[in-house]
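I have placed the structure first, in the form of structure tokens, so that the comments after it can refer back to it.
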Protein chains: 2
Amino acid sequence: MADQLEQLNETIELLSDLLHSGQDTEFIESFESLHDFEMAQVYAELPAQFRSVAWRLLSDDVLARVFDNLDVDEVDIVTLLQEMPPQRGARILQEMYADNAADLLQEMPARLVATYLSLIPKDEANVIRKLINYDDQTAGSLMSTEYLAVEEDLHVDEVMRLVKKQALEAESISYVYVLDSQDQLTGVISLRDLLTHSDDLAVSEITKDRIVSVKAGDDQEDVAQIVADYNFLSIPVTDDNNRLLGVITVDDIVDVIDEEAVEDYSGLAAVNVSQINDTPWHSAVKRIPWLIALLLLGMTTATLISSYDDLVRRASILAAFISLITGTAGNAGTQALALAVRRIAVGSEQTGWKDFLSEIVAGIIVGIATGVSVFTIVAVWKQNTMLGVAVGLAMTMAIIVANLAGYLIPVVIDKIGFDPAVASGPFITTLSDLTSVLIYFSVAQLFIAHFVGG
Amino acid sequence: MADQLEQLNETIELLSDLLHSGQDTEFIESFESLHDFEMAQVYAELPAQFRSVAWRLLSDDVLARVFDNLDVDEVDIVTLLQEMPPQRGARILQEMYADNAADLLQEMPARLVATYLSLIPKDEANVIRKLINYDDQTAGSLMSTEYLAVEEDLHVDEVMRLVKKQALEAESISYVYVLDSQDQLTGVISLRDLLTHSDDLAVSEITKDRIVSVKAGDDQEDVAQIVADYNFLSIPVTDDNNRLLGVITVDDIVDVIDEEAVEDYSGLAAVNVSQINDTPWHSAVKRIPWLIALLLLGMTTATLISSYDDLVRRASILAAFISLITGTAGNAGTQALALAVRRIAVGSEQTGWKDFLSEIVAGIIVGIATGVSVFTIVAVWKQNTMLGVAVGLAMTMAIIVANLAGYLIPVVIDKIGFDPAVASGPFITTLSDLTSVLIYFSVAQLFIAHFVGG
């Protein structure tokens, strides 16, 4: 990674030098020899005065590849586009893959979107406009409208001619889609099959009619799971009448899998880990709301403990085990939570009650094993068997409850239609602090006569 | 997801019926019309008595596709292979992509591996043997040896003829690699460029010599990052002399990204979430070691608190805020931990000291904001300003320390060469319980004269 960064900086310096010394042809040649991803990185990082020369020198096609490969979450892509006159920006948007152009326009204020779209030929503007309207995180928002499609009843050589003609525009050339006269998707031909069969074969012989497709409104996480399972390089997106709307390519699926993983991870930690390059101030400001919210929940636990003040006065040793019980139960709850969130994410067989019982049994086993350990340690250490019984019993019960909460909360959140990843580990631990303390002091109250020397 | 499962069960029933009624030709036809992933699912789930008929009917090629698409982590793939005579199993291994065959053999006891390899032609056995020897989670363990390669100085039509001839064997046909006489990788040609240029063009004109490749020993996570950044469909793997060893295809990268995400998530929760279909007993047995280990760490905190017994006797109100301070500091530590692990995972600019200072500043801001909140609540609720000061000050200091620990621990683990994901959230919270309690009681001791009446 460090090497890559170094290499990038060297390239930027080299290209800046070429521009500085007026070696325009050499600049264009060097720039175009880069990979698309590198072009994008370099372009975004060029000093502004050189970038304003660069876009004058580079072709629309090359700039379209640059903007296709800029990450809207990492770079202020709108400002980069606005460095050029609107007409030029519009030409680049038009050259870009429609899905990327739509993503870029979604970063702009509405007024600016209207300006750019008015400068793009009507047909292409309409394609982009439609893509903008798909909800975020759906198949529609990911799909590209530049795909290879042919009608039925052709031969291999005819299809290959079409493929060659359209190959430069299409975002993926791995599959050719077969459409009937109503634009309905009736089959898929792989490029591999086209290449390995003779020219005069009817393509119907190598067309797969067992099509795996998704609907435009499908959740991106489900689409990613299908592409990952089937090892597809792209997947077609259709409307409710099975008309082909676009295709989603595997590079977008790679991004989705990463994005969803970051979401789950962030949820578990109660902090958004996707913005790792924030300033300390911004970073702190984003963490504080969660902490304060959990603090208020934690205050109820403090209130509860202070209501047991008499008990603590009678047996100050009880204070020693508060953090042990809340901490351990919180850990058990976090484990149950993570397992439940993962189970929901991979769409594991949701046989409801079986899952539920299974988790209860696991919680009981974990609770008893831990409770017995604590009993042994306390009984030996404090030479007080009944204190050990009280703490061990409280531990077992607190773990069973925390475990159940860790399991149930994401399941319920999922059932009412939210992303279960919002049920964070810190929320579970803070909530289980309350239940654990309640259990602990209730048990202690029952046993106090036995472990406090009269 | 539920639909898919239902569809799968229907297909299994249908195919079982065909076998039951002796409609062999219809069975073969239906089975072969499935997607490779579906074939694999169906084959693994067929009732055993039907599977023993199925493998007798299906060709080596089809069975190789079945075994190529079985997930070694989910299915007992070795048993499935052993249902056939060794000679047949060896033929299937030989037909499979070498990387998948190597993965399968790695699941077997050494004796069995030797048997199968002895039944495979020497050259191919050697290829598989080499792949088996690459360390898990490296580029070498992921790569396929079936790629398209040509020598320099050819024309488009000559290369296309080679592509067509080798297309069925190659795992990816998106790129053709150019090798010199020493098998060193000198360039890459995309199939798209081959299709869109005229037959008589020298391929040197469309060969990219700016090659992005990885070494066989490279960590799979780094490889995945490169493929994701560059939107590659495959990436070449070379040895230290730049000789081409194999290619890694994007479908394997998708699996790596998922696997690494699961690892990070599991680490944060201190539980392995990849085995979500365990029995309650197995599930519990896997969670218990972590809980007991953390329990022992938690016992040191309990010991520490009990050493402050006098203090608690003098001011039992102190017990009320133990879980509030340990809990909140633990939450802050978890946030810092998650951010640090993520920062390391994406290989963000590791400017060491800058990162460190930035996290300290963020921790101080978070600590002060939370401490002031607690002070206000306690001072108002308990009508005791000095108690508020003590609890608020302790909270601020406990958060700053927990935050720092959450940041430093994964960074140090990474520096000494381990996966930072092993630094779990529960470990941080349990550790910070200890530091928080120490800080809390030290501060309380300083202030006790001011907030205890009398």
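The values are calculated or read from the model by the stated rules, or taken from the named source; none is laboratory data. The model shown is predicted, which means the values in this text are computed figures rather than measured ones. Every residue, glycine among them, receives a Cβ derived from its backbone with ideal geometry; neighbour counts consider all protein chains shown. To get the accessible areas, we keep the full protein, side chains included, count just its heavy atoms, and leave off ligands, DNA and RNA. Shrake-Rupley method; radii C 1.70, N 1.55, O 1.52, S 1.80 Å.
Brief remarks follow.
- Each residue in the range A:300-330 was checked for being touching a residue at least 24 places away in the same chain (Cβ under 8 Å), within 7 Å of chain B (Cβ to nearest Cβ) and farther than 14 Å from B:Ser323 by Cβ, and 1 of them qualify.
- Candidates A:Val380, A:Val366, A:Val361, A:Val372: the one that is surrounded by fewer than 19 Cβ atoms within 10 Å (Cβ to Cβ), facing chain B (nearest Cβ under 9 Å) and assigned to a helix (DSSP H, G or I) is A:Val361.
- Taken together, the criteria place B:Ala398 among residues that are modelled with pLDDT of 90 or more, of a type outside the set (Val, Ile, Thr), out of contact with any strand residue (DSSP E or B) (no Cβ under 6 Å at 6 or more places or on another chain) and not assigned by TED's automatic domain parsing to the domain that holds B:Ile226.
- Some residue of the range A:421-434 being of a type in the set (Phe, Trp, Tyr), in a loop (DSSP other than H, G, I, E, B) and open to solvent by 10 Å² or more (accessible area, probe 1.4 Å): no
- Residue list for the range B:223-252, filter: at the interface with another protein chain (Cβ under 7 Å from one of its Cβ atoms) and touching a residue at least 12 places away in the same chain (Cβ under 8 Å): B:Ala228, B:Tyr230, B:Leu233, B:Val250
- The helices (runs of 4 or more DSSP H) falling completely within the range A:23-70 that include 3 or more residues that are over 33 Å from the mean Cα position of the chain (by Cα) map to A:24-32, A:48-57.
- Filter result for B:Ile132 (in contact with a helix residue (DSSP H, G or I) (Cβ under 7 Å, 6 or more places away or on another chain), among the aliphatic types (A, V, I, L, M) and away from chain A (no Cβ under 14 Å)): yes
- Restricting B:Asp433, B:Asp419, B:Asp414 to residues that are in contact (Cβ under 8 Å) with a residue 24 or more places away in the chain, within 12 Å of chain A (Cβ to nearest Cβ) and charged (D, E, K, R) narrows the list to B:Asp433.
- Within the range B:253-291, being closer than 20 Å to A:Ser424 by Cβ, of a type in the set (D, E, K, R) and either assigned to a loop (DSSP other than H, G, I, E, B) or more than 7 Å from chain A (Cβ to nearest Cβ) (or both) holds for one residue alone: B:Glu263.
Per-residue answers, yes or no, for (1) farther than 29 Å from A:Ile248 by Cβ; (2) open to solvent by less than 10 Å² (accessible area, probe 1.4 Å):
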{"residue": "A:Gln41", "(1), (2)": "no, no"}
{"residue": "A:Arg51", "(1), (2)": "yes, no"}
{"residue": "A:Ser59", "(1), (2)": "no, no"}
{"residue": "A:Val66", "(1), (2)": "no, yes"}
{"residue": "A:Val75", "(1), (2)": "no, no"}
{"residue": "A:Gln94", "(1), (2)": "no, no"}
{"residue": "A:Asp103", "(1), (2)": "no, no"}
{"residue": "A:Pro121", "(1), (2)": "no, no"}
{"residue": "A:Ala125", "(1), (2)": "no, yes"}
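- Per-region count, the range A:349-358, residues polar (S, T, N, Q) and either surrounded by fewer than 18 Cβ atoms within 10 Å (Cβ to Cβ) or not assigned by TED's automatic domain parsing to the domain that holds A:Leu337 (or both): 2
- Test for B:Gly425: is it modelled with pLDDT under 95, out of contact with any helix residue (DSSP H, G or I) (no Cβ under 7 Å at 6 or more places or on another chain) and under 24 Å from B:Glu259 (Cα atoms): no
- If the condition is being under 17 Å from A:Val212 (Cβ atoms) and not small (Gly, Ala, Ser), then the range B:14-43 contributes B:Phe31, B:Glu32, B:Leu34, B:His35, B:Asp36, B:Phe37, B:Glu38, B:Met39, B:Gln41, B:Val42.
- Matching residues in the range A:208-222 - criterion: being facing chain B (nearest Cβ under 10 Å), free of Cβ contacts under 8 Å to residues at least 60 places away in the same chain and of a type outside the set (Lys, Arg): A:Asp209, A:Ile211, A:Val212
- Residue check, A:Asn331 within 26 Å of the chain's Cα centre (by Cα) and part of a loop (DSSP other than H, G, I, E, B): no
- Only residues that are within 20 Å of B:Asp183 (Cβ to Cβ) and not charged (D, E, K, R) were counted in the range B:136-160, giving 11.
- Filter pass, A:Leu142 being surrounded by 22 or more Cβ atoms within 10 Å (Cβ to Cβ) and within 14 Å of chain B (Cβ to nearest Cβ): yes
- Residues satisfying the stated conditions in the range B:158-207, i.e. open to solvent by less than 20 Å² (accessible area, probe 1.4 Å), touching an Asp or Glu at 6+ places or on another chain (Cβ under 7 Å) and within 13 Å of chain A (Cβ to nearest Cβ): B:Ala170, B:Gly187, B:Ile206
- In the range A:262-310, the residues that are buried (at least 21 other Cβ atoms within 10 Å of the Cβ) and small (Gly, Ala, Ser): A:Ser266, A:Gly267, A:Ala269, A:Ala270, A:Ser283, A:Ala284, A:Gly298, A:Ala302
- Verdict on B:Ser442 being farther than 15 Å from A:Asn331 by Cβ, of a type in the set (Ser, Thr, Tyr) and either more than 11 Å from every other protein chain (Cβ to nearest Cβ) or touching a Cys at 6+ places or on another chain (Cβ under 8 Å) (or both): yes
- Of the residues making up the range B:228-249, those that are under 15 Å from the mean Cα position of the chain (by Cα) and under 16 Å from A:Asn231 (Cβ atoms) number 0.
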